[in-house]
Amino acid sequence: MNENEVSNLSILLQLPRLVGTAEEIQQAELIRYEKLKQVPFFEANWDMFLNELKARNLPDDTLIHLRQSNLAEFWIANSDLSFWELLEYFY
């Protein structure tokens with residue numbers, strides 16, 4: 001991944017600017033990219049995504065909350081969580 005890929009995904013998903021120190025933001029952007037890079041696939045296959053949410057007993061608005069997370073500290077502190085575990089964080 002390069003800076004263009006990170007920036008393009010942020011634009012595509014209309015992600016908010018991250019808040020934190022310059023160092024935290026740089027680190028968090030890479031983490032957020034890795035965690036959210038599968039979202040365009042899920043948006044193109046929405047029924048599959050909703051079925052997976054249902055199977056995991058997660059409400060369908062968790063992705064909205066995850067995408068709106070703009071604190072660099074959040075992404076850094078939870079970098080060890082998988083995409084699905086991050087969604088569970090907002091349940």
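Taken together, the values in this text are just the output of simple stated rules run on the coordinates, not laboratory data. Since the model is a prediction, treat every value here as computed from it, not as a measurement. Glycine gets a Cβ as well: all are built from the backbone with ideal geometry, and neighbour counts include every protein chain shown.
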Potential lengthening between PHE90 and LYS37 on full extension [0.36 nm per residue; Cα-Cα distance subtracted]:
17.2 nm
If you compute volume of the Cα convex hull per residue in Å³ for the structure shown, which of [x] 101; [y] 143; [z] 87 do you land on?
[z]
Per-residue HN-Hα couplings for segment 31-37, Karplus 6.51 cos²θ - 1.76 cosθ + 1.60 at θ = phi - 60°, whole Hz, x for Gly and Pro?
5, 4, 4, 4, 6, 9, 5
The ³J(HN,Hα) series, computed from each phi in segment 85-91 with the Karplus coefficients 6.51, -1.76 and 1.60 at θ = phi - 60°, rounded to the nearest Hz and given as x for glycine or proline, is 5, 5, 5, 5, 4, 8, 8
Hey, got the dipole for the chain? About the Cα centre, +1 on K and R Cβ, -1 on D and E Cβ, debye to the nearest 20?
160 debye
Please compute the contact order of the chain in relative form: average sequence separation of alpha-carbon pairs under 8 Å and at least six residues apart, divided by the residue count, as a percent.
38 percent
Give me the net charge of LYS54's neighbourhood, meaning all other residues with Cβ under 14 Å from the Cβ of LYS54; Lys, Arg count +1, Asp, Glu -1.
-4
Spelling it out for VAL19: with amide H atoms placed in the peptide plane at 1.01 Å from N, the residues 5 or more places away or on another chain with amide H under 5 Å from its amide H are LEU71, ALA72
